[in-house]
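Chemist: To start, I am sharing the structure in question, which I have written as structure tokens.
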Amino acid sequence: LQPLGRALITGLYATAKVMRVYPLENATVQHAMDELDRVIRRILEREGVIEVRLVGDFLFLNDARLRLDLSDYAAFSYVSGMLQRHGVGTIEIEVGFARQDIAPVLGLLLQDAASEDMDDAFAKFEERLLASLARHVRVQHLTQSHRDLERDQDDHAKQVAKMTYFQSVHVAKEVLTDVRLGRAVNLRRVKRAVQSIVDQVLNDETSMIGMTQLRDYDEYTFTHCVNVCILAVVLGQKLGLSKIQLYELGLGALFHDIGKQRIPAEITNKPTGLTEEEWKLMQQHPTEGLLELFQMRGLTEVPYRAMLLAYEHHMKLDLTGYPRNRRQRTPRLFSRVVATVDGFDAATSRRSYQSQPWPPEEVLREMRENPTRGFDPLLVKAFINVTGVFPVGTLAILDTYELAVVVAKNADKLHQPYVKIVSDSLGIMVSNPPTVDLSETDPATDKPKRSIIKTVSPEKYGIRISDYFV
């Protein structure tokens, strides 16, 4: 049902977009309607009925919450916006649905709301729908509880963080693609993206850290750059950097791997181990990054810190990394910050040559206890203070035998984070996971009500961590 649901939302989005531009009889519109009609019929054959529901930020198809991927964000956001504008909480498509039902419904959804009052807007929308040629489509009101959820300040902050994240990934993809193809880079968009990340980290650090869990295997190169940018700014804030310094750090962090765009894609995306010759070529990407930034035009001044950061972020503290240096040097602070967060995000992500990412707390332990990794121990300690002992995104088994996902650190007790309970003690998944504070104690015993026994792999339990952050 998930791929069919995503195809339905994408089809609604594509058809609505072309209907805004072309007349109904246009071939592009007709083709989009044909594709949408095919998806609707497939779902009706399987389910017997279609019920698309909007609940807060989420879209449901029948009883299944549709999972949001980076590639789907624009479609989900557009369709949600059309429904919210008219106060529509549910669209029901019944058996007997015909292709000619599509245009009247989407035509009405594309119109401006008939009233600023949500109840009045829905009443007028429903009246127009009943008077239209659509015979097998029904709508239900966006309920008051849903609207309250939508207006909730915390949900709004998460929505802003989500928008910032997806837009930043889009910019990173655009920039790195332009570099690979030898085209001019739109640095104005890059600057705006980094400024938005800095502003959101300063405004709502927890939500922005949560967004780094929206890793996409197919978009790893771009999500990794944005994740490193976010985590670097978060760590920089912990170190007391000014807002201008955070912007410089974020800009360099977003560009830290830009040199990989000068390395053949068959090497950077190779699913198996590199040969010695390929590894030597891969080790050139910091130097290539330095050269690429040196030639980049559009910044008001030469980005020296970003250039040094791209060049130094794999050197290691004792200079045993790469590229090798003939003269003694000390990697700069920004380079050491990015090396720390880059190592963490890379090790906890699934990539072409790493199908099983490391559990986050194991990565932190390795970074802290293994000096051969070459990280600055003071920065690792500061990073643990930022993430907590159990970083956001960790899946844990509690002493109550419940499964829980870490969603935020506890500033006072780093080993007792805030978690979402995703399954009960019998292993049954919880439909609306509650958030609990693991530092909360039982008044009768003065001991924590819940404690983490151990952390486990999400893949083992078929859990997608990103579902709990979107």
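Chemist: Putting +1 on Lys and Arg Cβ atoms and -1 on Asp and Glu Cβ atoms, find which of 328, 372, 347 reaches farthest to the positive end of the dipole of the stretch 315-375.
Modeler: Ranked along the dipole, the leading option is 328.
Chemist: Next question, about the same structure. Once you have the Cα-Cα distance between residue 20 and residue 113, take 0.36 nm times their residue separation minus that, and quote the gain in nm to one decimal.
Modeler: Stretched fully, the residue 20-residue 113 segment lengthens by 31.9 nm.
Chemist: So, one more: Taking 23 Å as the cut-off for C-alpha to C-alpha distance, list the pairs among 124/162; 191/420; 238/409; 420/460 that go past it.
Modeler: 124/162; 191/420
Chemist: If you place +1 on the Cβ of every Lys and Arg and -1 on the Cβ of every Asp and Glu, how big does the dipole about the Cα centre of the stretch 1-91 come out, in debye to the nearest 20?
Modeler: Result for the stretch 1-91 is approximately 120 debye, rounded to the nearest 20.
Chemist: Points 7 angstrom from Cα along the Cβ direction at residue 120 and residue 186: gap in nanometres?
Modeler: Once both label points are built, they end up 3.9 nm from each other.
Chemist: Leaving ligands, DNA and RNA out of it, report the carbon-plus-sulfur percent of the accessible area of the chain at a 1.4 Å probe.
Modeler: Its accessible area is 51 percent carbon and sulfur atoms.
Chemist: If the only charges are +1 at each Lys and Arg Cβ and -1 at each Asp and Glu Cβ, what is the size of the charge dipole of the stretch 20-59 around the Cα centre, to the nearest 20 debye?
Modeler: Here the stretch 20-59 has a charge dipole of around 40 debye.
Chemist: Continuing with this model, one more query. With an 8 Å cut-off on Cα pairs and a minimum separation of 6 or more residues, tell me the relative contact order of the chain in percent.
Modeler: 9 percent
Chemist: Could you point to the residue in 390, 223, 2 farthest towards the positive end of the chain's charge dipole, with +1 and -1 charges on the Cβ of Lys/Arg and Asp/Glu respectively?
Modeler: 223
Chemist: Any idea how far apart residue 274 and residue 71 come out in nm if each label point goes 7 Å out from Cα toward Cβ?
Modeler: Here the modelled spin labels are 2.7 nm apart.
Chemist: Sticking with this structure for a sec: Quick check on the stretch 339-427: take the gyration tensor over C-alpha atoms, sort the square-rooted eigenvalues as a ≥ b ≥ c, and tell me if it's rounded (a/c under 1.5), prolate or oblate.
Modeler: Judged from the Cα gyration tensor, the stretch 339-427 comes out oblate (a/c at least 1.5, b/c at or above a/b).
Chemist: If packing is taken as the average number of other Cβ atoms within 10 Å across a peptide's residues, how do 91-97, 182-188, 332-338, 342-348 rank, most packed first?
Modeler: The packing order, highest mean first, is 332-338, 342-348, 91-97, 182-188.
Chemist: Next up: Pairing the Cα long axis of helix 27-47 with the longest principal axis of the chain, what angle in degrees results, from 0 to 90 and rounded to the nearest 10?
Modeler: Long axis of 27-47 versus the principal axis of the chain: about 90 degrees.
Chemist: Let me ask you something else. For the chain, take the longest principal axis of its alpha carbons; what is the angle in degrees between that and the long axis of helix 377-387, to the nearest 10 within 0 to 90?
Modeler: 20 degrees
Chemist: Using a 1.4 angstrom probe on the protein heavy atoms only, line up 256, 314 by accessible area, largest first.
Modeler: Result, largest first: 314, 256.
Chemist: Nearest 20 debye, what's the magnitude of the dipole of the chain about its Cα centre given +1 on Lys and Arg Cβ and -1 on Asp and Glu Cβ?
Modeler: Using Cβ point charges on Lys, Arg, Asp and Glu, the chain gives about 1720 debye.
Chemist: Sticking with this one: Quick one: if the Förster radius is 51 Å, what FRET efficiency do residue 415 and residue 92 give, using the C-beta to C-beta distance and rounding to 0.05?
Modeler: Approximately 0.60, to the nearest 0.05.
Chemist: Given the protein chains as shown and a 1.4 Å probe, how many square angstrom of residue 119 are accessible, to the nearest 10?
Modeler: 80 Å²
Chemist: Got a number for the accessible area of residue 287? Probe 1.4 Å, square angstrom, nearest 10.
Modeler: Here the residue's solvent-accessible area equals roughly 40 Å².
Chemist: What are the GluC sites (Glu not before Pro) within the stretch 254-327 that DSSP puts in a loop, where the Cβ has at most 13 other Cβ atoms within 10 Å?
Modeler: 301
Chemist: Could you point to the residue in 309, 30, 58 farthest towards the positive end of the chain's charge dipole, with +1 and -1 charges on the Cβ of Lys/Arg and Asp/Glu respectively?
Modeler: So the residue we want is 309.
Chemist: Output the relative contact order of the stretch 65-125, whole-number percent, from Cα pairs under 8 angstrom with separation of 6+ residues.
Modeler: The value is 37 percent.
The values are calculated or read from the model by the stated rules, or taken from the named source; none is laboratory data. Computed from a predicted model, the values in this text were never measured in an experiment. FYI the Cβ positions are ideal-geometry reconstructions off the backbone, even for glycines, and counts take in every protein chain you see. In case anyone asks, the SASA skips ligands and DNA or RNA and just uses the protein heavy atoms, side chains included. Shrake-Rupley method; radii C 1.70, N 1.55, O 1.52, S 1.80 Å.
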